[in-house]
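Have a look at this one before I ask anything.
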Amino acid sequence: MRNVILIGLSGAGKTTLGQLLAKKLHLPFLDLDHWVEEKTGLSIKRIFRGYGEDFFRQLEADALKRACATDGVVAATGGGAVLNPANVRLMRESGVVILIDRPVDAILGSIAFDDRPLLRDGGSDLRRLDGQRRVLYRESAHLTLMNDGDLDRAVNDLEAMAGAALLQEGFAVIGSPIGHTLSPPIHHAVFGALQIDEPYAALHVAKGSLPAFLAGARHSGIKGFNATIPHKQDILPLLDEIDGDANLCGAVNTVIRRNGRLRGYNTDMDGLLLALNKRGTGYRGNRLLLLGAGGAAVGIACKAAKEDASRITILSRRPEQANAIKAIAAKAGSCPVLTACLDQDTLTSLAAETDLLINATPLGMHGVAEDFPSFDFLERLPGHATVIDLIYNPACTGLLLAADRLGLQTINGLDMLIYQALLGDELFLNAPIDKDQLYPLVRDALKKEKVLEGSR
Ligand code: NAP
């Protein structure tokens, strides 16, 4: 852990953003001007008037030294802190320095000049300071965050940027929400078993904040990361290179950083295939009934087409989505792809000619109110059919329970999750790993964490 130091013009938003960032990162917040006021019992304005700027700058340097001597603090500096080269050296050595950049006109519309000692002449003083200090700010900062006045966006961007920049090593998963992700315990179990001493963090990165995260990541020591909802598609144009499979299905879930370049991969596609192989099945020669036409469905359809499934039928409540996947899957292989509306009648009529039924919708997921209105269509499946639910929470959805009762083979989303992670670790570590040996260790680790109670 190191510090996050915010610099920028008076009124750029350093204090407001710093307080909100500290809250999000669960770090203490230090406002250097406030510290000086507390220490002297005087307002900054009175210190300037009564004792002069040099005296204030000395107090400011003391405050900065104090902040930089701690580890893991968010600090907002006064606008002139960068005037002293010793301050700049100290800040840069103690952590990540982020310039909060806000157009002067926007600042002018939002601050009270009375409290700012160097802004006696209001707007013209601020423009003069901006002219004098702009280059200094740029040279002093590791990273720049634009504050265009949309506070929510600026806080989200700052959280993503600072969170990434603080990572000095190891790996991470990014997403929103990210609180309940199973990725850290999975990767910790793998690294532990392989005696690899690398941290793996979970970072909240809001939708729209990927550019800020990537700027922070490029500055950090991060070696790679996983991307989950809602970033799997949005991240593609922001990376330096995209692997073939990820390009094909337009989704990235794993990014590695080598020689400063970020390369995106998709291990979800092979993750599910390995999960099927483990249960003695796969796509080749099988008739697939795929429910849902979102991000996961694209990868599955592409992989199934590539692996020569004998037919893929995609059911979705929005036909245009299924048709878009059909067009993408057609580039991956030559198996016929059909699309239809996701409703009970269609499910019932198609079930009899299905070998693999895959639920790639959130129906039945923990926290989702909706479920399939009936599971009667399962009775029409052939006895050899396998029912797969990508959901792993709950471990046994209503769909899998009903299929189980009919004696059908069932697979939940956990194996896909574990295998995509193991495949991701091969990329992270740039070496093959023994997935069969690691698989039970990961499952045991998840059970110990009580995240897999009742799992199949
Ligand atoms: P997504 O991009 O949001 O797509 C979800 C699909 O389900 C969309 O076609 C959506 O249609 C449809 N859908 C949503 N609610 C529905 C409802 N009430 N009735 C009918 N269709 C509905 O999500 P995703 O990333 O593809 O994920 C799909 C599922 O797979 C999720 O449960 C996710 O947790 C799971 N998953 C598991 C793994 C794993 O490793 N096990 C990996 C990835 C995903 P609309 O667009 O019309 O809403």
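Values quoted throughout were computed directly from the atomic coordinates according to the rules given, and no laboratory measurement underlies them. Please read these numbers as outputs of a predicted model, since none were measured by experiment. Counting neighbours? That spans all protein chains shown, and the Cβs are built from the backbone with ideal geometry, glycine included.
Scan around I7 for amide H atoms under 5 Å from its own, H built in the peptide plane at 1.01 Å from N, and keep only partners 5 or more places away or cross-chain.
I98, L99, I100
At a temperature of 37 °C and a viscosity of 0.692 mPa s, determine how fast segment 61-177 diffuses translationally according to Stokes-Einstein, using the Kirkwood radius over alpha-carbon pairs as Rh; express D in µm²/s, rounded to the nearest whole number.
D = 206 µm²/s.
Lys and Arg at +1, Asp and Glu at -1: add these up for the other residues within a Cβ distance under 11 Å of D240 and post the number.
So the environment of D240 carries a net charge of +4.
Apply 1/(1 + (r/R0)^6) to the Cβ-Cβ distance of R57 and L194, taking R0 = 56 Å, and write down the FRET efficiency to the nearest 0.05.
Taking R0 as 56 Å, the efficiency between R57 and L194 is 0.60.
Round to the nearest 0.05 the FRET efficiency obtained for N259 and S349 when R0 = 45 Å and r is the Cβ-Cβ distance.
FRET efficiency, N259 to S349: 0.25.
In the structure displayed, which of K24/K326; K14/K207; K14/K223 lie more than 32 Å apart, Cα to Cα?
Distance filter (> 32 Å) returns K24/K326.
What's the center-to-center distance, using Cα atoms, between segment 381-454 and segment 251-286 in Å?
14 Å
So if R0 is 41 Å, what FRET efficiency would E38 and L236 give, r being the distance between their Cβ atoms, rounded to the nearest 0.05?
Efficiency for this residue pair is about 0.25.
For segment 207-213, take each phi angle, set θ = phi - 60°, evaluate the Karplus expression 6.51 cos²θ - 1.76 cosθ + 1.60, and give the result in whole Hz per residue in order, putting x for glycine and proline.
4, x, 9, 4, x, 5, 4
So which GluC sites (Glu not before Pro) in segment 352-447 are both in a DSSP loop and have at most 12 other Cβ atoms within 10 Å of their Cβ?
Counting only loop positions with at most 12 other Cβ atoms within 10 Å, the GluC sites (Glu not before Pro) in segment 352-447 are E370.
Still on this structure, I have one more. So who's got an amide H within less than 5 Å of the one on T410, skipping anything under 5 residues away but keeping other chains? H placed 1.01 Å off N, in plane.
Those lying under 5 Å, H to H, from T410 are V387.
Ratio of alpha-carbon Rg to the 2.2 N^0.38 Å globular estimate for the chain, to two decimals, please.
Expressed relative to 2.2 N^0.38 Å, the Cα Rg reads 1.20.
Next up: So for the chain: antiparallel DSSP bridges make up what percent, rounded to the nearest 5?
DSSP beta bridges in the chain are roughly 15 percent antiparallel.
Where the centre of each part is set by its Cα atoms, how far does segment 117-193 sit from segment 313-374, in angstrom?
40 Å
Going by amide H atoms built from the backbone, whose H comes under 5 Å of the H on N393, apart from near neighbours?
For N393, the qualifying residues are H366.
For segment 64-175, build the charge dipole from Cβ charges (+1 Lys, Arg; -1 Asp, Glu) around the Cα centre, then report which of L83, I98, V73 sits farthest towards its positive end.
Most positive-ward Cα: L83.
Tell me the Kirkwood hydrodynamic radius of segment 1-105 in angstroms, computed as one over the mean inverse distance between distinct C-alpha pairs.
Evaluated on segment 1-105, it is 13.8 Å.
Okay, next question. When the chain is fully extended, how far beyond the present Cα-Cα distance does L108 get from R49, taking 0.36 nm per residue of separation?
18.9 nm
To the nearest 20 Debye, how big is the dipole of segment 358-415 about its Cα centre, given +1 on the beta carbon of each Lys and Arg and -1 on that of each Asp and Glu?
80 debye
Further question: Would you work out the relative contact order for the chain, in percent, from Cα pairs under 8 angstrom that are 6 or more residues apart?
For the chain, the relative contact order is 11 percent.
Right, next: What does the charge dipole of segment 1-76 about its Cα centre add up to, to the nearest 20 debye, if the Cβ of each Lys and Arg holds +1 and the Cβ of each Asp and Glu holds -1?
Using Cβ point charges on Lys, Arg, Asp and Glu, segment 1-76 gives about 160 debye.
At what distance in angstrom do the alpha carbon centres of segment 25-79 and segment 208-228 lie from each other?
For segment 25-79 versus segment 208-228, the Cα centre distance is 31 Å.
How far apart, in nm, are two points set 7 Å out from the Cα along the Cα-to-Cβ line at K24 and at D308?
Output for this residue pair reads 5.0 nm.
Could you give the length gained by full extension between S334 and S124, i.e. 0.36 nm per residue of separation minus their alpha carbon distance, to one decimal place?
Net length gain for the segment: 68.8 nm.
To continue, here is another question. Along segment 365-378, what does the Karplus equation 6.51 cos²θ - 1.76 cosθ + 1.60 (θ = phi - 60°) give for ³J(HN,Hα), rounded to whole Hz, x for Gly and Pro?
Each residue's phi maps through the Karplus curve to give 6, 4, x, 9, 5, 7, 9, 4, x, 7, 10, 4, 4, 4 Hz.
Another one. Just to confirm the filter: which trypsin sites (Lys or Arg not before Pro) across segment 314-348 are DSSP coil and have at most 13 other Cβ within 10 angstrom of their Cβ?
Here the sparse-neighbourhood loop sites are R317.
Quickly work out the D434-to-N84 label distance, labels modelled 7 Å from Cα along the C-beta direction, and quote it in nm with one decimal.
According to this spin-label approximation, the distance is 5.9 nm.
Which one of G364, A304, A246 is farthest out on the positive end of the charge dipole of segment 244-398, using unit charges on Cβ (Lys, Arg +1; Asp, Glu -1) and the Cα centre as origin?
Positive-end residue among those listed: A246.
Now a separate question. If you put +1 on each Lys and Arg Cβ and -1 on each Asp and Glu Cβ, how big is the dipole of the chain around its Cα centre, in Debye rounded to 20?
That gives a dipole near 680 debye.
A follow-up question, please. Could you give each residue of segment 220-229 its phi-based ³J(HN,Hα) in whole Hz, using Karplus coefficients 6.51, -1.76, 1.60 with θ = phi - 60°, and x for Gly or Pro?
After applying 6.51 cos²θ - 1.76 cosθ + 1.60, I find 8, x, 4, 9, x, 7, 9, 10, 10, 3 Hz.
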